[in-house]
1. What is the number of the single condition among (1) part of a helix (DSSP H, G or I); (2) hydrophobic (A, V, I, L, M, F, W, C); (3) within 17 Å of Trp21 (Cα to Cα) that Ile179 does not meet?
2. Trp21 versus (1) crowded, with 16+ Cβ neighbours inside 10 Å; (2) assigned to a helix (DSSP H, G or I): which is the lone unmet condition?
3. Out of the range 324-354, which residues are small (Gly, Ala, Ser) and within 25 Å of Leu372 (Cβ to Cβ)?
4. Could you list all residues from the range 134-156 that are in contact with an Asp or Glu (Cβ under 8 Å, 6 or more places away or on another chain) and over 21 Å from Ile319 (Cβ atoms)?
5. How many of the residues in the range 133-167 are outside any helix (DSSP H, G or I) and farther than 18 Å from Gln363 by Cβ?
6. I'd like to know if the range 330-346 contains one or more residues that are farther than 22 Å from Gly162 by Cβ, under 20 Å from the mean Cα position of the chain (by Cα) and at pLDDT 85 or above.
7. Looking only at the range 428-447, count how many residues are assigned to a helix (DSSP H, G or I) and surrounded by 14 or more Cβ atoms within 10 Å (Cβ to Cβ).
8. Out of the range 100-121, which residues are more than 24 Å from the chain's Cα centre (by Cα) and under 17 Å from Ile48 (Cα atoms)?
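The values are calculated or read from the model by the stated rules, or taken from the named source; none is laboratory data. Predicted, not measured: the structure shown is a model, and the values here were computed from it. Every residue, glycine among them, receives a Cβ derived from its backbone with ideal geometry; neighbour counts consider all protein chains shown.
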Amino acid sequence: MNEINVSRLIDTSKLRPYHFWLTFWCLLAIMADGFDLLNASIAGPALIKEWNISRASLGPVFSASFFGFFLGAPFFGYLGDRYGRKLAIILSLIFLGLATFACAFATDLHELLGLRFLSGIGLGGVIPNVIALNSEFAPKRLRATFLVVISMGISLGGSIPGIVGVTLMPTYGWPVIFIVGGVVPIVVGLLMIFAVPESIKFLVLRGGRDEMVRRLIRRIDPDLAVPTGTQFVLDRDEGSAKRRGSVIELFRGGWAVVTILVWLIFVLNLMSNNLLNAWLPMIVQTSGHSAEQGAYAGTLYQLGGSFGGLLIGVFIDRIGLKIFAVVFAIAVPVVALTGTPGFSGTLLLAMAFFSGCVVTGMQNALNAGAGLIYPTWLRANGVGYALGVGRIGSITGPLIGSLLAGMEMPTSAYFYVTAIGPLCCAILSLFLLRTLTHKRQQEPVTA
């Protein structure tokens, strides 16, 4: 009987149009996710005026989606490992769209708060499953690069609500932000029913889907003969049909230390990232620079994240996950020096860009790296819980900035405190690399 090792086939496959087709749809799904992360911020000023509420009262609305994300990422990650990545992506997009669309009809803060929490649950389900799906089709030599490109969809999608707000809100009011933000993920989710396949590795792992696997192999390698009766297998460490992801499995079989280290790195880096995200423009303005320079600093920080993430992804494909420790170590002096008093406007903007490269860029790379660390049977769950637990850092980062503001700390203190995150991450990354190396020595066959 003929046998095809699907893991090795994918690892060594040539780039085909199908890879770009799948990446396009995965990027589109992440962009729909990124749009809904920031739409409430754009609608905020209009809500304050129409509902006659204070700016502070909107704070819980902005945070509600993070709490929903905390639940949605592991929940839909579990569904992805249990019932398929494609199903989990579609369900989370539709759930996100319906909850966001309903926000347009909220009549008070309590309704909006509850609906934003629900939309956050859908938000959390998209990223881990999209990363899992794409990582299980991409060639090994380019896998991290593809995953980082997809992760950049968060920033790309997050740039659209502002455009919608400027062009449509003057005519249609604040509900249009949520209407567009609701319709887009629903449409993308429905189209993905026909546009993307289930993960080929998941199908092999589950069994009983040989004809679907055969069709996908033809797309990956049209020249490979796949006669009827061919047996499809995965590398040994990809798992088995009896081992489908759950949170308990993240702490079994030598994965406990890996999981804890990954969670800590996500929390600390998201804490640093969101502290700068929330406070960088304001810090720039209060340190003697113009409001325009503050806005430019925030924009350059995001652009740096896209550029840096892509560059780090290339290095992951070339030298592996050891690049994490290197970039985190570089991030410490870069972030700390960004707050140096007396910097000219030009130098400050350049430092904001480089800070984005090594902080936001590392977060894009971490999303990809988590997808590479965990095996097929545990991948969506592993990424989902890392993202979910990481929301602790997303929530605490801006709060630390508020605490520093309340203490009337100098500008440089924000950056010194932020630099603690990458410093700890650099140390934790060394432990993570050592743990993964030891684990691979015990399991010599790898995906």
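1. Unmet condition: (3).
2. Unmet for Trp21, out of (1) crowded, with 16+ Cβ neighbours inside 10 Å; (2) assigned to a helix (DSSP H, G or I): (1).
3. Ala325, Ala329, Ala331
4. Taking the range 134-156 first, the residues in contact with an Asp or Glu (Cβ under 8 Å, 6 or more places away or on another chain) are 139-145, 153-154.
Of everything in the range 134-156, those that are in contact with an Asp or Glu (Cβ under 8 Å, 6 or more places away or on another chain) and over 21 Å from Ile319 (Cβ atoms) turn out to be Gly153, Ile154.
5. Of the residues in the range 133-167, 4 are outside any helix (DSSP H, G or I) and farther than 18 Å from Gln363 by Cβ.
6. Yes: one or more hits.
7. Matching residues across the range 428-447 total 9.
8. So the first thing to find is which residues in the range 100-121 are more than 24 Å from the chain's Cα centre (by Cα), and the list is 102, 104-112.
Selection gives Ala104, Phe105, Ala106, Thr107, Asp108, Leu109, His110, Glu111, Leu112.
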